[in-house]
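Here is the structure we will look at, set down as structure tokens.
The values are calculated or read from the model by the stated rules, or taken from the named source; none is laboratory data. Quantities reported herein were computed from a predicted structural model and do not represent experimental measurements. No Cβ is skipped: glycine too gets one built from the backbone with ideal geometry, and neighbour counts run over all protein chains shown. These area figures cover heavy atoms from the full protein model, side chains too; ligands, DNA and RNA do not enter into them. Shrake-Rupley method; radii C 1.70, N 1.55, O 1.52, S 1.80 Å.
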Amino acid sequence: MPALRASLPTTRESVTHKFNIANHEGYLTIGLYPDGSPGEIFIKMAKEGSTMCGMCQAFCRAFSLSIQLGLTLPEAIARFRGMRFEPMGPTANPDIPQASSIVDYVARYLELNFVR
């Protein structure tokens, strides 16, 4: 039996967060379900066309589909938090002073702002 995907409405609210990890600037946009819970994520990096940008897009698609197909946000966060690869280092966010990767930063941001 195919999994049921909880798609977001055509028009939805979102949150956009500017981040900086070791001088790599980007924007995280989180599309929200009507109840305010995340249903999709997008990352826009300052260096368009780079391998890092492509990998960010792949991660966002996988993460978004996972939560739309029923993986809970805490379960998704547990799988991506702590991943370690460049860029890593200091951030501009006092709530997340260090990140071990962009994926780690996104998971921790989601945890801080959407897991109750």
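See the values below:
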item: ³J(HN,Hα), Karplus 6.51/-1.76/1.60, whole Hz, each residue of the range 54-65, x for Gly, Pro; result: x, 5, 4, 5, 5, 4, 4, 5, 5, 5, 4, 4
item: The range 91-100 - phi-based ³J(HN,Hα) in whole Hz, Karplus 6.51/-1.76/1.60, Gly and Pro as x; result: 10, 8, 9, x, 7, 9, x, 9, 10, 8
item: Solvent-accessible area per residue for the chain (1.4 angstrom probe, square angstrom); result: 59
item: Cα-based Rg of the chain normalised by 2.2 N^0.38 Å, two decimals; result: 1.04
item: Added length on full extension, which subtracts the Cα-Cα distance from 0.36 nm per residue, residue 5 to residue 78; result: 24.2 nm
item: Karplus (6.51, -1.76, 1.60) ³J(HN,Hα), θ = phi - 60°, over the range 77-87, in Hz, Gly and Pro reported as x; result: 4, 4, 7, 10, 5, x, 4, 10, 6, 6, x
item: Paramagnetic reach from residue 29 (point 7 Å along Cα→Cβ, amide N under 17 Å) across the range 60-83; result: 60-65
item: Contour excess over end-to-end distance, with Cα ends at residue 12 and residue 51 and 0.36 nm allotted per residue; result: 11.1 nm
item: Carbon + sulfur, % of accessible area of the range 28-74 - ligands and nucleic acids excluded, 1.4 Å; result: 64
item: Within a Gaussian network of the chain (alpha carbon springs, distance under 10 Å), most fluctuating of 35, 95, 104; result: 35
